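Nothing in this text is a laboratory measurement; each read-out follows from the coordinates by a stated rule. As the structure is a prediction and not an experimental result, all values here were calculated from the model. Using ideal geometry, Cβ is built from the backbone for each residue, glycine included, and neighbour counts are taken over all protein chains shown.
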Amino acid sequence: DGGITQSPKYLFRKEGQNVTLSCEQNLNHDAMYWYRQDPGQGLRLIYYSQIVNDFQKGDIAEGYSVSREKKESFPLTVTSAQKNPTAFYLCASSDGQGGQPQHFGDGTRLSIL
Amino acid sequence: AQSVTQLGSHVSVSEGALVLLRCNYSSSVPPYLFWYVQYPNQGLQLLLKYTTGATLVKGINGFEAEFKKSETSFHLTKPSAHMSDAAEYFCAVSPQGYSTLTFGKGTMLLVSP
């Protein structure tokens, strides 16, 4: 079955440490997205990529970095500059055309040790 | 710029009762509109979407929504609630021609026997 795989499901970060969240899709979608979800805040866009080797900042990009070297992969790094990283992180993909729905992975929950 | 307001962070209904979840949006250009559902510790699943054409949109699990341009609304309804409908629901807007989504803060639907 086609879909989006996020790993790990749970992740713990120590102070001052960078951590990388994995997102892989086999839907042959051009566009991929990273969202942060906090209770009562909905989903907020961190970064998105509409094509390989290109990506744009979303609304809350500070303290995060991404790469898009392959169509199927869009890893997110939470850097030590992100002072409040505890959240649920969701990856999504779409064919990039307006009006087409985004498909979501099952998320990674990041906590601070 | 676009924004979404979901009225009521929590909505409680009895099993068999009408479900009404409210969504109002603002968009500087004609919008695409979406409703997603999220079960605990999972990603989001698309319930339905409006792009163009018929303003009453039917989705999965018996849900439907009506696009009302004059009221800038896209409320979600279901005639008879089931216990399995208990989840968090998100309304989202995307300007026509764009693939990024702006989400509301979500409404938790509670269903009592």
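Return the sequence-ordered ³J(HN,Hα) values of the stretch A:45-55 in whole Hz as given by the Karplus equation 6.51 cos²θ - 1.76 cosθ + 1.60 applied to θ = phi - 60°, using x for Gly and Pro.
6, 9, 9, 9, 9, 9, 7, 4, 6, 9, 7
Report ³J(HN,Hα) in whole Hz for each residue of the stretch A:78-87, in order, from the Karplus equation J = 6.51 cos²θ - 1.76 cosθ + 1.60 where θ = phi - 60°; Gly and Pro get x.
9, 8, 5, 6, 7, 7, 9, x, 5, 5
With springs only between Cα atoms under 10 Å apart, run a GNM on chain A and tell me which of A:ALA81, A:ALA92, A:ALA31 wobbles the most.
Its mean-square fluctuation being the largest, the pick is A:ALA81.
Work out the charge dipole of the stretch B:1-83 with +1 on the Cβ of Lys and Arg and -1 on the Cβ of Asp and Glu about the Cα centre, then indicate which of B:THR72, B:ALA1, B:ASN61 is farthest towards its positive end.
Of the candidates, B:ALA1 comes out farthest on the positive side.
How shielded is B:91-98 by partner chains, expressed as the average number of their Cβ atoms within 10 Å of its Cβ atoms?
Partner-chain Cβ atoms within 10 Å, mean over residues of B:91-98: 3.
Please report, in debye to the nearest 20, how large the charge dipole of chain A is about its Cα centre when each Lys and Arg carries +1 at its beta carbon and each Asp and Glu carries -1 there.
Computed charge dipole of chain A: roughly 400 debye.
With the cut-off at 19 Å, tell me which of the pairs B:LYS58/B:LYS78; B:LYS58/B:LYS105; B:LYS49/B:LYS78 have Cα atoms farther apart than that.
B:LYS58/B:LYS105, as the Cα separations exceed 19 Å there.
Relative contact order of chain A: what whole-number percent is it, with Cα pairs under 8 angstrom and at least 6 residues apart?
Relative contact order comes out at 35 percent.
Of B:SER112, B:PHE34, B:LEU20, which is farthest along the charge dipole of chain B in the positive direction, counting Lys and Arg as +1 and Asp and Glu as -1 at C-beta?
Positive-most Cα among the choices belongs to B:PHE34.
Treating only the Cβ atoms of Lys and Arg (+1) and Asp and Glu (-1) as charged, compute the dipole magnitude of the protein assembly as shown about its Cα centre; round to the nearest 20 debye.
I would put it at about 340 debye.
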